[in-house]
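The next block holds one structure in the form of structure tokens; read it before the comments.
Values quoted throughout were computed directly from the atomic coordinates according to the rules given, and no laboratory measurement underlies them. Quick caveat, the model's predicted, so the values are computed rather than measured.
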Amino acid sequence: MTKPTHASTETRLTLRKSEAARALGISERTLHNLLKSGQIGYFKLNRAVLIPVAEIEAFITLGIKRGGQA
């Protein structure tokens, strides 16, 4: 039995823009527009744009409640 590595058991709280776009199944440009319009919250740490996983989950939940019109 192999021992899991630290990275495989770690839960990430934020994603970079490319990761968030891939997770949502949208282009980075579409994600950029969602961030700019305030539909998905983010913050900057130095030069990195980080999107909290909770923001992505809230965006999805809101879209489901509105019948896909997030």
Difference of contour (0.36 nm per residue) and Cα-Cα distance, Ser18 to Thr61: 13.4 nm
Amide H within-cut-off set for Gln39, under 5 Å, with H built and near neighbours excluded: none
Proximal aspartates and glutamates to Lys44, defined as alpha-carbon separation beneath 17 angstrom and excluding residues fewer than eight positions away on the same chain: Glu19, Glu28, Glu55
Note, ³J(HN,Hα) from phi for region 51-59, Karplus 6.51, -1.76, 1.60, rounded to Hz, x at Gly and Pro: 10, x, 4, 4, 5, 5, 5, 5, 4
Extension gain, Glu28 back to Glu10 (0.36 nm per residue minus Cα-Cα distance, nm): 4.0 nm
